[in-house]
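A quick write-up on the structure given underneath.
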Amino acid sequence: MILKNSMRMKSSAVTFGALLLAPWFVFAQSPQQQAAPSSGPAPAAAARKPATGGGIQYETSFAAIASGKWTGKRLADGQPDVSGDWSNTIANHNNFTDPQGGIPGDPQTRNRTLGPRESRAPSRVSDPVDGQLPYQDWARAKQQEFAAGFFNAVKPEYIEPLARCAPAGIPKSLYWHGYEIRQYPGYVLFLFGSGWRIIRLADTSHLPEHIKLWNGDSLGHWEGNTLVVDVSNLNSKARFGRTGDFASENVHVEERYIFSADNKRYNYVATFTDPTVYTRPFTVTIPARRWTLDDPKNEWHFPVEAANNPGKERIADHFERICVENNGGFGQTVAQPSGETKPN
């Protein structure tokens, strides 16, 4: 059994590493379009045809969603019912401030044409308006060191955390594959491809300051169609993307998940305050859309099929992701246990 599990983990690690390095292709809108106010639900945005063989769709634009009343279905405890499968609509984790621009400094030759910067998605940084993170000088140098180190991982901090099945952290969990939202009385639960996150709705006090977590400690409440979340206790080990962007343990995040009236889209708008690393607070905006069984299976956004439930309600059967299937903590997908016999 030990040998079987070891071989399974090694095979999974190779597959997972391939996913981390796979290129994905996308297009987008200007920062000015991103910030434009909207008084109603977000309209359907234009989407690119799936990339050959990948089946991934990314949009050319997305609309703002205004905070307001919730007119949709509610759960027994009064929460707006937003449970289901979701995924971001503009790009994966390759590049934080140029989401569709590829990995900076990538030594691999990619078969793609990026086109001019204005033809691609806006930066996930919606404030400042230049779309750049307002680093202090020392922190900018550290970010560039991390970015270069991803291609020559001679230090542990240069290794992409997701390659070790570490949680993706905030905000990268929201654009690392699709994810599921579940709701329970007093709680909102996010199930990601690597880890999970619990938002407590009834509590008002954070964990003791010395306790640090990959996804932080999250206290939330609903304001109409908007889930407002206060996040602290982050451990600073996660990265924002393969660009090496980061925050310190002192970062504080104010999140707003703003759901459209038709419950098919939401925008994540979060303000990060971290005087240790940045010269000023900055805002991150990430659009997301709902996926259902009416959508085709998609290995990146929606690796789900209908369960075998003939004649009854269609139930989404979620595949186990590699980091879940191995049933072990992060790091174990590439480690050889001490003293274990190597399989032939």
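With the checklist (1) closer than 20 Å to V277 by Cβ; (2) in a loop (DSSP other than H, G, I, E, B) in hand, flag the one item Q108 doesn't pass. Tallying (1) closer than 20 Å to V277 by Cβ; (2) in a loop (DSSP other than H, G, I, E, B), Q108 fails exactly one: (1).
Considering the conditions (1) more than 30 Å from T292 (Cα to Cα); (2) touching a Phe, Trp or Tyr at 6+ places or on another chain (Cβ under 7 Å); (3) charged (D, E, K, R); (4) at pLDDT below 90, R110 is excluded by exactly one of them, (2).
Does F146 satisfy being touching a residue at least 12 places away in the same chain (Cβ under 8 Å), of a type outside the set (S, T, N, Q), more than 30 Å from L189 (Cα to Cα) and touching a Gly at 6+ places or on another chain (Cβ under 6 Å)? Criteria met by F146.
Considering every residue within the range 161-172, establish whether at least one is on the phi > 0 side of the Ramachandran plot, surrounded by 16 or more Cβ atoms within 10 Å (Cβ to Cβ) and out of contact with any strand residue (DSSP E or B) (no Cβ under 8 Å at 6 or more places or on another chain). Within the range 161-172, one or more residues are on the phi > 0 side of the Ramachandran plot, surrounded by 16 or more Cβ atoms within 10 Å (Cβ to Cβ) and out of contact with any strand residue (DSSP E or B) (no Cβ under 8 Å at 6 or more places or on another chain). Considering A76, A91, the condition of being closer than 30 Å to A316 by Cα and loosely packed, with under 14 Cβ neighbours inside 10 Å is satisfied by A76 alone.
Restricting attention to the range 94-116, which residues are farther than 19 Å from F240 by Cβ and under 23 Å from the mean Cα position of the chain (by Cα)? Answer for the range 94-116, where residues must be farther than 19 Å from F240 by Cβ and under 23 Å from the mean Cα position of the chain (by Cα): just L114. Does S232 count as in contact with a Leu (Cβ under 9 Å, 6 or more places away or on another chain), exposed (fewer than 15 other Cβ atoms within 10 Å of the Cβ), among the polar types (S, T, N, Q) and in contact (Cβ under 8 Å) with a residue 24 or more places away in the chain? For S232, the condition - in contact with a Leu (Cβ under 9 Å, 6 or more places away or on another chain), exposed (fewer than 15 other Cβ atoms within 10 Å of the Cβ), among the polar types (S, T, N, Q) and in contact (Cβ under 8 Å) with a residue 24 or more places away in the chain - is not met. Look at V253 and say whether it is surrounded by 17 or more Cβ atoms within 10 Å (Cβ to Cβ) and either under 16 Å from the mean Cα position of the chain (by Cα) or farther than 27 Å from I103 by Cα (or both). Spelling it out, V253 is indeed surrounded by 17 or more Cβ atoms within 10 Å (Cβ to Cβ) and either under 16 Å from the mean Cα position of the chain (by Cα) or farther than 27 Å from I103 by Cα (or both).
Going by the structure shown, is V154 modelled with pLDDT of 95 or more, surrounded by fewer than 16 Cβ atoms within 10 Å (Cβ to Cβ) and assigned to a loop (DSSP other than H, G, I, E, B)? So V154 does not fit the description; no.
Every condition in (1) at pLDDT 95 or above; (2) among the small types (G, A, S); (3) over 25 Å from L201 (Cβ atoms) is met by S83 except one, and the failing one is (3). Set side by side, the residues L114, L133 differ, and just one is of a type in the set (A, V, I, L, M), outside any helix (DSSP H, G or I) and farther than 24 Å from D274 by Cβ, which is L114.
The residue list R74, R48 contains one member that is modelled with pLDDT under 70 and either touching a helix residue (DSSP H, G or I) at 6+ places or on another chain (Cβ under 6 Å) or basic (K, R) (or both), which is R48. Considering the range 136-151, and only residues there that are part of a loop (DSSP other than H, G, I, E, B) and among the hydrophobic types (A, V, I, L, M, F, W, C), the residue that is surrounded by the most Cβ atoms within 10 Å (Cβ to Cβ) turns out to be F150. Any chance the range 220-232 includes a residue that's polar (S, T, N, Q) and closer than 24 Å to P156 by Cα? No, the conditions are met nowhere in the range 220-232. I'd like to know if the range 206-223 contains one or more residues that are among the aliphatic types (A, V, I, L, M) and crowded, with 22+ Cβ neighbours inside 10 Å. No; the residues of the range 206-223 include none that is among the aliphatic types (A, V, I, L, M) and crowded, with 22+ Cβ neighbours inside 10 Å. Picking from P281, P275, which residue would you name as being surrounded by fewer than 21 Cβ atoms within 10 Å (Cβ to Cβ), closer than 30 Å to A153 by Cβ and modelled with pLDDT of 95 or more? Just a single option satisfies the conditions, and that option is P275. Per the conditions (1) aliphatic (A, V, I, L, M); (2) buried (at least 17 other Cβ atoms within 10 Å of the Cβ); (3) at pLDDT 55 or above; (4) more than 21 Å from the chain's Cα centre (by Cα), the sole criterion not satisfied by V324 is (4).
Whether any residue in the range 189-205 is buried (at least 20 other Cβ atoms within 10 Å of the Cβ), assigned to a strand (DSSP E or B), touching a residue at least 40 places away in the same chain (Cβ under 8 Å) and of a type outside the set (G, A, S) is what I want to check. Within the range 189-205, not a single residue is buried (at least 20 other Cβ atoms within 10 Å of the Cβ), assigned to a strand (DSSP E or B), touching a residue at least 40 places away in the same chain (Cβ under 8 Å) and of a type outside the set (G, A, S).
The values are calculated or read from the model by the stated rules, or taken from the named source; none is laboratory data. Keep in mind it's a predicted model, so treat the numbers as computed, not measured. When we count neighbours, we look across all protein chains shown, and the Cβ atoms used for this are built from the backbone with ideal geometry, even at glycine.
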